[in-house]
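Each remark here refers to the structure printed beneath this line.
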Amino acid sequence: MKRRRILRRTLAVTIPALLIVLAFAVSGVQDTPNDLFEPVLSVYYYIKYHFYQPEIIDDQKALYGAMKGMVEQLGDPYSEFFTPEEKKQFDATMDGEFSGVGIEITLENGIPTVITPLIGSPAEAAGMQVGDKIYSIDGESTEGNTLTESAFKIRGEIGTSVTLGVQHEDGTQEEITIIRDTIVIDAVEYNALDDGNIAYIRVLRFESDTISEFDGALAAFDLKNITGLVLDLRNNPGGSMSVAFSIVHRLVDDGVIVITRDRLSGEKKFYARGNQIRNFPVAVLINRGSASASEIAAGAIRDNDMGILIGEQSFGKGVYQTLIDLEDGSALKLTMGEYFTPKGSVVNGIGLTPDIAASEDQDPIDLAIEWIHANAGRTMPFDIPASMNR
């Protein structure tokens, strides 16, 4: 199997940044009472002039605390306010090399929860699992932490250790100690299956280099003669929405890729430009670690009748965020809208249901090969034999 290694750079599905000035024209904002935040100022002045230890009052921290509170009351695990220092740390994870343990997390009911341990990461080697609840970091409770606060506490210098108190989905609890390392993952892996008749391509993240890596993988196969493609998106937590679009462009004929809905633009549809390769059965492998951009790609392939989904229910992150930089170096990461599959199916909080469910004792790759054999030479839409139905 060919393995190409690239640094992990992206964290979430994003869209191009919107001009912040537009946000003030959103319906309903102009109806906000002018005196709405006067109580906040009153509390500030009471603290400023009456608190018995004035030397510990920090105006900047008070301001940022209020701003964090406004975001936290949304109850949205993907929206956050970053202080300037937190923004620098966030940028480091997006733009350069950093050290950590290699897990993607979200907040579920206020608890950091593992979306997926990254392939080949220290977290995977230590036994972290999809769905693990992290209730402590180095003995300190994660209660009340934002997603980014927990993520920053888990990261640290290469060679140092962090101990995570976790509760697995079966209810068992344990403390797992992990040695931090540079987080490096493969963007794309590929090899030939079934004596070279079936192409296998695994995409582990949707990053800027993924497109060229994916094109290189396609070029490695005789696409005129293969009988099908296995596209493996298991444990792929997502990445850039635009990169997911580019992958879909290569596999889907003219059709809708995704439907988005937000307060500024209403509903929008994004279209495939028409693939450049011959149509053949595409078996997309998904599991609970498939999230965000992975769900966009998988949903587009299935809803356009280019293939089917095999495996487990996907994670269900069907919202996207925009990062808005503020003048003092702080920033707001805000969920701006929701996306739906081309046929209008809800993804957020639900995920994608596979057409063929894989039991614990079944290898999804074997199921994909069997399905491709059953549909070799067929035209779309492809068939699911009765013996393989859920």
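The values are calculated or read from the model by the stated rules, or taken from the named source; none is laboratory data. Owing to the predicted nature of the structure, the values given are computational and were not obtained by experimental measurement. Cβ atoms come from the backbone with ideal geometry, glycine included; neighbour counts cover every protein chain shown.
Taking strands (runs of 3 or more DSSP E) that do not extend beyond the range 298-390, which have at least 3 residues that are under 19 Å from the mean Cα position of the chain (by Cα)?
Values: elements: 307-311, 319-325, 331-340.
Ranges flagged: 319-325, 331-340.
If a residue has to be among the basic types (Lys, Arg) and touching a Ser or Thr at 6+ places or on another chain (Cβ under 7 Å) to count, how many in the range 206-257 make the cut? Step through it out loud before you land on a result.
Start the filter on the range 206-257 by keeping residues that are among the basic types (Lys, Arg), which leaves 224, 234, 250.
Okay, now just the ones that are also touching a Ser or Thr at 6+ places or on another chain (Cβ under 7 Å), so 234.
So the count comes out to 1.
Do you know which residues across the range 45-74 are over 25 Å from Lys333 (Cα atoms) and in contact (Cβ under 8 Å) with a residue 12 or more places away in the chain?
Ile47
Okay, residues lined up against (1) closer than 29 Å to Lys68 by Cβ; (2) modelled with pLDDT under 95; (3) out of contact with any Gly (no Cβ under 7 Å at 6 or more places or on another chain):
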| position | (1), (2), (3) |
| --- | --- |
| Ser136 | yes, no, no |
| Ala151 | yes, yes, yes |
| Ala192 | no, no, yes |
| Val203 | no, no, yes |
| Ser208 | no, yes, yes |
| Asp215 | no, no, yes |
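Provide a single number: the residues in the range 84-104 that are closer than 16 Å to Thr163 by Cα, at pLDDT 85 or above, touching a strand residue (DSSP E or B) at 6+ places or on another chain (Cβ under 6 Å) and part of a strand (DSSP E or B).
1
Kindly provide the set of residues from the range 307-322 that are aliphatic (A, V, I, L, M) and touching a helix residue (DSSP H, G or I) at 6+ places or on another chain (Cβ under 8 Å), ordered by number.
Ile308, Leu309, Ile310
Please give the number of the condition Tyr271 fails out of (1) closer than 22 Å to Ile105 by Cβ; (2) free of Cβ contacts under 8 Å to residues at least 24 places away in the same chain.
So the condition that Tyr271 fails would be (1).
Give the number of residues within the range 252-264 that are buried (at least 24 other Cβ atoms within 10 Å of the Cβ) and either modelled with pLDDT of 95 or more or not hydrophobic (A, V, I, L, M, F, W, C) (or both).
2
Only one of Glu312, Glu360, Glu327, Glu370 is without any contact (Cβ under 8 Å) to a residue 60 or more places away in the chain, of a type outside the set (Gly, Ala, Ser) and buried (at least 21 other Cβ atoms within 10 Å of the Cβ). Can you tell me which?
Glu312
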